[in-house]
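Peer 1: Quick one: the structure is below, questions incoming.
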Amino acid sequence: KDWLTNKVDRSVTGRIALQQTAGSVQLPLNDCAVVALDYQGRSGMATALGHAPVAALADPAKGSVLAIAESLTNIVFAPLAHGLKGVSLSANWMWPCKNPGEDARLYEAVQAASDFAVALGINIPTGKDSLSMTQKYKDGDKVYAPGTVIITSAGEVSDVRKCVSPALKHRPSQIVYVDLSNDAFRLGGSSFAQITGRVGMDVPTVQDAEYFARAFAAVQMLITEGRVMAGHDISAGGLITALLEMTFADNRSGLTLTLDALGEKDIVKVLFSERPSLVLQVADGAAVCEMLAAAGVRAVTIGEVNQQRKFSVENYGVQFDLMIDQLRDTWYRSSYLLDRRQSGAKKALERFTNYKNQELHFRFPEGFTGRLSQYGLEAKRTGRSGVKAAIIREKGVNGDREMAWIMYLAGMDVKDVHMTDLIEGRETLEDVNMIVFVGGFSNSDVLGSAKGWAGAFLYNEKAKQALDRFYARPDTLSLGVCNGCQLMIELGLVTPEHAEKPKMLHNDSHKFESAFLGVEIQPSNSVMLGSLAGSSLGIWVSHGEGKFQLPYAEDRYNVALKYAYDQYPGNPNGSDYNVAGIVSADGRHLAMMPHLERALRPWNWAYYPEDRTADEVTPWIEAFVNAARWIREKTK
């Protein structure tokens, strides 16, 4: 999973509330994705997936039911505004039709999907089909793809802050098992069956759709009331995989489990059956089980979170311990092997070696309350502030809206300026005191490190004049993020006094890097970051060419920001001196690769301190508050 998820942009828009990675180790464990509807409110949209191709080989009807069930046991961890009735499904059918028996199998699968969705009271208004999934070879051989339906569920979220992750909270608590299937522990179609070279015929299913819906609603109630600390669905790999994955997200937590209450003596079936179920971390297992029982839902406490790195299992006298960290490496190894093909043996091994040793650790500014009122700000402004700023956009960039929002929230009046406005002379920047070059994919990133964007300034007289006059004024600030950072470096705007300029190069990993990682704010005279010096904060990176190549010794640069770790992937691009951002000698012009504008809200962070649940904003707001105050002083 890691190989797939770390090379796509998982933070774009600044409205991402839940993506793949979780916990202080940042592993791709989350069950659903959640995006906020806007920057101000709490509502959002959730989506999740489900599929069961191996089960469908044994029983196409049960395969459809399991696919729908998995998409729902994944999306259940987001508090849905309208419950199960508010969920819509999309069905993507892939089937080797026109082969003996396959058309009939597809009919069974579609009928079962329809019947189960109707029984649950949810709709399947869209989807697609690929019904020629057969590969023919010259020698006459045929390879059939297994008949598969991939179900995507989607629904409105009432409060993006209440989404639940599989990452265990490191505190005394219990693990509750919730059965949504009303079925026995069966091994047909399971991962366990596959590793023994079988498919099996005894496939689990959801025996009672009404019971499934009732259990879904009861778990939603627990999540809405904040009673669930962490949770995971039981699907591929069974109970043992779900529980182990919950311990993988940090280096401290473990589980002590007694499974007798599940009532199955065959420990292989208990651990590896993929019947639709959930495991929840809760503060009081007995109380939660009573609440679920009152709703007619079967749930039992099966263990507790221990305060050591230990995983112990007991079931009807069979007892064993598992090595969590060793099994985590086994779980991660397939990503490492794929990574070798793209990043090369050296970088892939560096990532595999370091992923668990580069935990996120934060140090917030002293006195930071997390409240907008601390800075004299309000959630909703009326009227203009008089602090004038502009977003500078080039074709292809996509970080403008979240940047404009954080500037507005910090007290600036922000206008949108496209490069065509500067090139045509419609905009001169004479009336603004701060400009921000935003990130994204300027010119589709095909011209390399914003060279195309830089050319739009260098080879267009009006645009170049506007820029030169802006930087010649003593009352101006500028910020470049991601593509904007590349642009400022390419134009020499941060180190104009240096004969040999810095460069932005391709990441050492030879691929796009998307990660939530730690940065340390360095002591500097930076207008924006100076007051945050000494802090260690979380932030998003999302770039393919983010390596600072600095030709001089480190002390020749006004370094404002460094990555918390010097080795990959903590330093995601191989930047010299771990540099993530540099500022001009006078502290006014800052170029940084990470996206601070995508880390404004606590729910934007892929991992946020558990003891700061009341925070409205993160410390990154202070950078823009500092900028607004500086402008006010300069323009009195």
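Peer 1: Just to be sure I follow: if Rg is taken over the C-alpha atoms of the range 464-566 and Rh is the Kirkwood radius over the same atoms, what is Rg/Rh?
Peer 2: Working: Rg = 14.6 Å, Rh = 15.2 Å.
Looking at the range 464-566, the ratio lands at 0.96.
Peer 1: Next question, about the same structure. Using the Cα atoms of the range 159-312 to build a convex hull, what is its mean projected area in square nanometres?
Peer 2: Mean orientational projected area (the range 159-312, Cα hull): 9.1 nm².
Peer 1: Mind pulling up the Rg/Rh value for the range 535-595? Radius of gyration and Kirkwood radius, both on Cα.
Peer 2: Details: Rg = 11.2 Å, Rh = 11.9 Å.
A ratio of 0.94.
Peer 1: Over the range 234-307, average the accessible area per residue using a 1.4 Å probe and give it in Å², no decimals.
Peer 2: Details: 2410 Å² over 74 residues.
Roughly 33 Å² per residue, with all protein chains present.
Peer 1: What accessible area per residue, rounded to a whole number of Å², is obtained for the range 549-636 using a probe radius of 1.4 Å?
Peer 2: Accessible surface, normalised per residue, equals 34 Å².
Peer 1: Express in whole angstrom the spacing between the alpha-carbon centres of the range 344-383 and the range 186-251.
Peer 2: Here the answer is 31 Å between Cα centres.
Peer 1: In whole Å, what three semi-axes, largest first, describe the equivalent ellipsoid of the range 365-419 built from its Cα gyration tensor (square root of 5 times each eigenvalue)?
Peer 2: Whole-Å semi-axes of the equivalent ellipsoid: 25, 14, 8.
Peer 1: Right, next: The range 76-121 to the range 436-471: how many Å between their Cα centroids?
Peer 2: 49 Å
Peer 1: Looking at the range 449-518, how many pairs of lysines come closer than 20 Å at the Cα, when each pair is eight or more places apart or spans two chains?
Peer 2: 7
Peer 1: Two-decimal Rg/Rh of the chain from alpha-carbon positions, Kirkwood Rh?
Peer 2: Ratio of gyration radius to Kirkwood radius: 1.01.
Peer 1: Straight-line reach only, C-alpha to C-alpha below 19 angstrom: list the aspartates and glutamates that residue 310 could link to, leaving out same-chain residues fewer than 8 apart.
Peer 2: Output for residue 310: 245, 250, 321, 325, 329, 359.
Peer 1: Further question: Rounded to the nearest whole Å², what accessible area per residue is found for the range 1-98 with the 1.4 Å probe?
Peer 2: Averaged over the residues of the range 1-98, the accessible area is 31 Å².
Peer 1: Using Cα atoms only, what is the angle between the long axis of helix 400-409 and the major principal axis of the chain, expressed in degrees (0 to 90) to the nearest 10?
Peer 2: Roughly 70 degrees between the two axes.
Peer 1: Okay, moving on. I want to check a number: in the range 322-441, how many lysine pairs have alpha carbons closer than 25 Å, given a sequence separation of 8 or more or different chains?
Peer 2: 6
Peer 1: Using modelled amide H (1.01 Å from N, peptide plane; none on Pro or chain starts), what sits under 5 Å from the amide H of residue 131, excluding residues fewer than 5 places away?
Peer 2: Distant-sequence amide H within range of residue 131: 95.
Peer 1: Where both residues lie in the chain, what percent of DSSP beta bridges are antiparallel, nearest 5?
Peer 2: 75 percent
Peer 1: Counting only other residues whose beta carbon sits under 15 Å from that of residue 54, what net charge do I get with K and R as +1, D and E as -1?
Peer 2: On the way: positive: 62, 105, 186, 198, 275; negative: 59, 70, 202, 274.
Summing Lys/Arg as +1 and Asp/Glu as -1 gives +1.
Peer 1: Taking all protein chains in place and a 1.4 Å probe, what share, in percent, of the accessible surface of the chain do carbon and sulfur account for?
Peer 2: Carbon with sulfur: 51 percent of the solvent-accessible area.
Peer 1: For the chain, what does the helix formula give at 222 nm: sum of -39500 (n - 2.57) over DSSP H segments with n ≥ 4, over the residue count, nearest 500 deg cm²/dmol? Write down the numbers at each step before the final one.
Peer 2: On the way: 16 runs with 182 residues, N = 636.
Counting only the DSSP helices, I get -8500 deg cm²/dmol.
Peer 1: Provide the net charge surrounding residue 509, with neighbours chosen by a C-beta distance below 14 Å and charges set as Lys +1, Arg +1, Asp -1, Glu -1.
Peer 2: On the way: positive: 7, 340, 341, 346, 347, 351, 511, 547; negative: 2, 339, 350, 508, 513, 545.
Cβ neighbours under 14 Å give a net charge of +2.
Peer 1: So what's the net charge close to residue 556: Lys and Arg +1, Asp and Glu -1, counting the other residues with Cβ under 14 Å from its Cβ?
Peer 2: -4
Peer 1: Taking N as the number of residues in the range 509-636, what is its alpha-carbon radius of gyration divided by 2.2 N^0.38 Å?
Peer 2: Dividing the Cα Rg of the range 509-636 by 2.2 N^0.38 Å gives 1.07.
The values are calculated or read from the model by the stated rules, or taken from the named source; none is laboratory data. Because the structure is predicted, anything quoted here is derived from the model rather than measured. Virtual Cβ from ideal backbone geometry, glycine too; neighbours counted across all protein chains shown. We work out accessible area using only protein heavy atoms, side chains counted, and drop any ligands, DNA or RNA first. Shrake-Rupley method; radii C 1.70, N 1.55, O 1.52, S 1.80 Å.
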